[in-house]
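Trainee: The structure that follows is given in the form of structure tokens.
Just so it is clear, none of the values below were taken in a lab; they were calculated from the coordinates. If you're wondering where the values come from, they're calculated on a predicted model, not measured in any experiment. We place every Cβ from the backbone using ideal geometry, glycine too, and count neighbours over all the protein chains shown.
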Amino acid sequence: MVYFIVLIVMALGLTFMCLKVRWLLFRMAAAMAWLACGVYLLVGGNTTLSISDVWNQILGFIFIVMAVAVLLLQIVTEVRRESDGMSYTSFERLKKPKGPSRSQLVQDDYRRQVRAAVNRGRSRRG
């Protein structure tokens, strides 16, 4: 029974982790943990629960549905990435296409100020 509770806690932890970090491996691990909970509950094990109870069957199928739901989160993420024009070329983290960074904007602003000051100096000289 302790194994079953630890498995549920692990599945919950992996599910919360995969909501924060959108990596395929985290989502696969969470799905496998939920699937293991469902199979362990439905097929048997050392639990004091009997398979003939209706609520036990419903709980087992909910675990299996959770495994599918976690994988659907990955499908939604991939569809969004594809619609943004990003796709996988290798199994690396995707970098978001970036515009100019804040430091780049500050440098550009400073460069404009220096050029304006130089141009003012040139116009005064001659």
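Trainee: Please order THR77, THR15 by the number of other Cβ within 10 Å, starting at the fewest.
Mentor: So the ranking, lowest neighbour count to highest, is THR77, THR15.
Trainee: Could you give me the radius of gyration and the Dmax of the range 2-87, taking only the C-alpha atoms into account and expressing both in angstrom?
Mentor: Looking at the range 2-87, its Cα Rg and Dmax stand at 15.0, 51 Å.
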